[in-house]
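Take a look at the structure set out below.
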Amino acid sequence: MTYNIKYDNINDTVNNWNDRKESMVKLIEHYEPAVLGMQEVLHRQLTYIDSALTDYSHIGVGRDDGRQKGEYSPIFYDHTKLKVLKSNTFWLSPTPEKISKGWDAALERICTYALFENKTDQSKFYFFNTHFDHRGVIAREKSAELILKKIQEINDKGYPVILTGDFNLSPMEKPIQLLKKNLQEGMDHTLKPFYGPSGTFSGFDHNRTLDHKIDYIFVKGFKVLSYIHIDDRMENNKHISDHLPVMATLEKEK
């Protein structure tokens, strides 16, 4: 699953985090993703989710200081099923190993990744999770190039790969097309017909046509058994976040 949970903006009166957080935890508990890439997660949100989801652990750092400051792009995983063998974070910039803003980006942006081992059969896979800049056109192009380069460098044993994120790009834009050349986009390759609205961004507007797709799950070395955009809402019909969660059911290719 990938899920932009909308950062906890204390000025949000109508869509305040405190009114959404329990519904979000219930959604995750219901769908039970083995691994979940999140975006826009502040430290106080991270600690709440971590305490509420008892079978999950997480990895990741804040993008502003490499520790707890600023937004995380954390990876939550079901520790009853998966084990982390290694993990790290790099910045989407010409100097990915240090805290930095890349190209024409408005903000620091990161990619957090882990090598997981399935406790059942000891199979391994890499999971990368990111959030591209919302303004920088060059930054989004260069970020896609950098992530593909990093996947190649880091995954030197050729394990299956999952890349999740809010890419702030629609499907026909150049960086998404570049990613599609190197990885499989889940919606394009799902064996069971795609289910849900075609888009993933709601902007908290419950009257909006949900056709703006900017959140994706890309894979390599996996079969995509199913792929869904989850439009679950709270009882008052409000959205749980300004993005819909995206979920893929995957099976390792033989």
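The values are calculated or read from the model by the stated rules, or taken from the named source; none is laboratory data. Bear in mind the structure is a predicted one, so any value in this text is a computation, not a measurement. Cβ coordinates were reconstructed from backbone atoms using ideal geometry, including for glycine residues, and neighbour counts include every protein chain displayed.
Residues that are touching an Asp or Glu at 6+ places or on another chain (Cβ under 9 Å) and either buried (at least 19 other Cβ atoms within 10 Å of the Cβ) or without any contact (Cβ under 8 Å) to a residue 60 or more places away in the chain (or both) within the stretch 205-225 comprise Asp205, Leu210, Ile214, Asp215, Tyr216, Ile217, Phe218, Val219, Phe222, Lys223, Val224, Leu225, listed in sequence order.
Residues that are surrounded by fewer than 21 Cβ atoms within 10 Å (Cβ to Cβ) and in contact with a His (Cβ under 9 Å, 6 or more places away or on another chain) within the stretch 57-66 comprise just one, Ser57.
If you check Glu145, Glu71 for being touching a Lys or Arg at 6+ places or on another chain (Cβ under 6 Å), under 29 Å from Ser170 (Cβ atoms) and of a type outside the set (Phe, Trp, Tyr), only one passes: Glu71. Summed over the stretch 167-204, residues that are surrounded by 15 or more Cβ atoms within 10 Å (Cβ to Cβ) and in a strand (DSSP E or B) total 3. Of the candidates Ile240, Ile176, Ile214, the single residue that is aliphatic (A, V, I, L, M) and under 16 Å from Leu148 (Cα atoms) is Ile176.
Examine the stretch 4-20 for a residue that is part of a strand (DSSP E or B) and either in contact with a Leu (Cβ under 7 Å, 6 or more places away or on another chain) or closer than 29 Å to Met234 by Cα (or both), and state whether such a residue exists. Checked against the condition, which is being part of a strand (DSSP E or B) and either in contact with a Leu (Cβ under 7 Å, 6 or more places away or on another chain) or closer than 29 Å to Met234 by Cα (or both), the stretch 4-20 yields at least one hit.
Residues in the stretch 112-169 that are among the hydrophobic types (A, V, I, L, M, F, W, C), within 17 Å of Thr95 (Cα to Cα) and in contact with a Ser or Thr (Cβ under 6 Å, 6 or more places away or on another chain): Phe132 alone. Per the listing Thr112, Thr164, Thr89, Thr120, the residue uniquely β-branched (Val, Ile, Thr) and part of a loop (DSSP other than H, G, I, E, B) is Thr120.
Check whether at least one residue in the stretch 237-249 is among the acidic types (Asp, Glu) and either modelled with pLDDT under 95 or loosely packed, with under 15 Cβ neighbours inside 10 Å (or both), and report yes or no. For the stretch 237-249, residues among the acidic types (Asp, Glu) and either modelled with pLDDT under 95 or loosely packed, with under 15 Cβ neighbours inside 10 Å (or both): absent. Selection of first residues in the stretch 37-60 that are in contact (Cβ under 8 Å) with a residue 12 or more places away in the chain and on the phi > 0 side of the Ramachandran plot and of second residues that are in a strand (DSSP E or B) and of a type in the set (Phe, Trp, Tyr), restricted to Cβ pairs under 8 Å at least 6 apart or on distinct chains, gives the following pairs, ordered by first then second residue: Gly60/Tyr72. Reported count of residues in the stretch 50-86, each being among the aliphatic types (A, V, I, L, M), assigned to a strand (DSSP E or B) and closer than 19 Å to Met247 by Cβ, is 2. For the stretch 234-248, the set of residues classified as part of a strand (DSSP E or B) and within 15 Å of the chain's Cα centre (by Cα) consists of His243, Val246, Met247, Ala248, listed by residue number. Listed by first and then second residue, the pairs linking a residue in the stretch 11-28 that is in contact (Cβ under 8 Å) with a residue 60 or more places away in the chain to a residue that is in a loop (DSSP other than H, G, I, E, B), with Cβ atoms under 6 Å apart and 6 or more places separating them unless they lie on different chains, are Asn15/Phe204; Arg20/Ile240; Ser23/Met234; Ser23/Ile240; Met24/Ile240; Leu27/Asp232. The condition (being assigned to a strand (DSSP E or B) and out of contact with any helix residue (DSSP H, G or I) (no Cβ under 9 Å at 6 or more places or on another chain)) is satisfied by just one residue among Leu225, Leu210: Leu225.
Among the residues of the stretch 94-123, the one identified as over 17 Å from the mean Cα position of the chain (by Cα), in contact (Cβ under 8 Å) with a residue 40 or more places away in the chain and crowded, with 20+ Cβ neighbours inside 10 Å is Gly102.
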